1. With every protein chain kept in place and ligands, DNA and RNA left out, what is the accessible area per residue of segment 96-245? Probe 1.4 Å, answer in Å².
2. Explain nothing, just compute: Karplus ³J(HN,Hα) = 6.51 cos²θ - 1.76 cosθ + 1.60, θ = phi - 60°, for every residue of segment 265-276 in order, whole Hz, x for Gly and Pro.
3. Please arrange 311, 393 by accessible surface area, largest first, computed with a 1.4 Å probe and ligands excluded.
4. For residue 39 and residue 408, FRET efficiency with R0 = 56 Å and r from the beta-carbon atoms, rounded to 0.05?
5. Evaluate the distance, in nm, between pseudo-label points positioned 7 Å from the Cα of residue 344 and of residue 216 along their respective Cα→Cβ axes.
6. Viscosity 1.567 mPa s, temperature 4 °C: Stokes-Einstein D of segment 135-183 from its Kirkwood Cα radius, in µm² per second?
7. Based on a Kirkwood Rh over C-alpha pairs, give the Stokes-Einstein translational diffusion coefficient of segment 314-426 at 25 °C and viscosity 0.890 mPa s in µm²/s.
8. How large is the dipole of the chain about the Cα centre if only Lys and Arg carry +1 and Asp and Glu carry -1, each at its Cβ, rounded to the nearest 20 debye?
Amino acid sequence: MELFLLLATFFGTLALGVPVAVCLGLASLAYIVAAGLPVVIIPQRMYAGMDVFVLLCIPGFILAGNLMNYGGVTERIIRLANALVGWMRGGLAMANVADSMMFGGVSGTAVADVAATGGVMIPGMKKSGYPADFSAAITAASSTVGPMLPPSVPMIIVGALSGISVGQLFLAGAVPGILMGIAMGITCYIIAVRRNYPRMEWKGFGELFSAFFSAFWALAMIGLIIGGLLTGIATPTETAIVASIYAFVIGVFVYRELPVSRIPKIIIDSAVSSAGILALVGFANVFGSILASERIPQMVVGAVLSITDNKILVILLINCLLLIVGMFMETIAALIILFVPLLALATSVGIDPLHFATFAVLNLMIGLTTPPVGVCLFVACNIARIPLLPVIKAIIPFLISNIIVLLLVSYYPPFATWLPNTLMGN
């Protein structure tokens, strides 16, 4: 009875459009009251879920991304992306993808990517002759590359849940992220050729080198993050702090586009974003602990293994489940609730935890661009000022390309494990 009340409250409030964190909290409260348990369990388990050292790097990376965004990084990365691929047919769309790959290495979140680059790229594409629905679709789709590349907030959450090295997780997402970018770039080119989309004028190698050196300090932040983790000089949390200081110095003293007077607001905005994520982590931990007490993870593993213990089929079932969940649930909440039981299922059939973590996150990234809860889709539509339905139709080719990459990563583990095993060892 209590379990039914838990699930009914959660899905009922979710259907009403209540924020996911609040849905999790209300559902947990309903269960605890119905079961006659002390309500003090909620703050205790919330604190236990948030009291994880590695989670401290989330505010740091969010602050670093915001400082870089307001410090003139977005425009420089867009200029470099245009210089690299803008001269090709549909080049502005491909520059959108390239920009997301580079900006994702700075922000670590898909929504930040859409908000920052979409405000520049979508109007620019529309002005250059691209349809509004296509412009919004490629901006939303390409933003999902960002969280696959380091630094990645979902990978940090996975590290906190599983104990897998965050450095290894960052590297595990790199190759799949690059594959996603390549696949979407090819899709852009095919669509652009068929529809005769415009191309930008080639401005020569001088512009390319100038754009690269202009964006060098922004891109160097990625090297700073990865270098600190690979060498073991700094933990992820320490790396996030160094990245924030670096972003401040670059924005204020190198690019000179970050007014010191604006920094307090940036810090407050970053704190609010971080608090939202950590509150979601806390409520999801309460919800997840209730599911664990009801032995739901064991039931999931037993139910799947009663159907099949074939690794190929288990991977397919996990992918289908996560794709469906990603359509309705926010990424971090889905990870906290489902990752641990699905990890137990994956390891029971011989799937490497690092490999599983990579394609699990990739699944949920795709969910950011699928209705009804495709956050990136809504942000892109809002910037483009067009209804949701045309953008859903326009994004289908990019969803297909991303699902192809998902299948490649799911069924060929070296795409996820080769780089971290090579650079950091097993």
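1. On a per-residue basis, 36 Å².
2. Per residue, the Karplus-derived 3J(HN,Hα) values read 5, 5, 5, 5, 4, 5, 5, 5, 4, 5, 5, x Hz.
3. Ranked from most to least accessible, the order is 393, 311.
4. Between residue 408 and residue 39 the formula returns 0.75.
5. So the label points at residue 344 and residue 216 sit 5.3 nm apart.
6. D = 115 µm²/s.
7. 163 µm²/s
8. Here the chain has a charge dipole of around 1000 debye.
The values are calculated or read from the model by the stated rules, or taken from the named source; none is laboratory data. Note that the structure is a prediction, hence the values are computed from the model and not measured. Cβ: placed from backbone, ideal geometry, glycine included. Neighbour counts: every protein chain shown. SASA here: full protein model, heavy atoms, side chains in, ligands and nucleic acids out. Shrake-Rupley method; radii C 1.70, N 1.55, O 1.52, S 1.80 Å.
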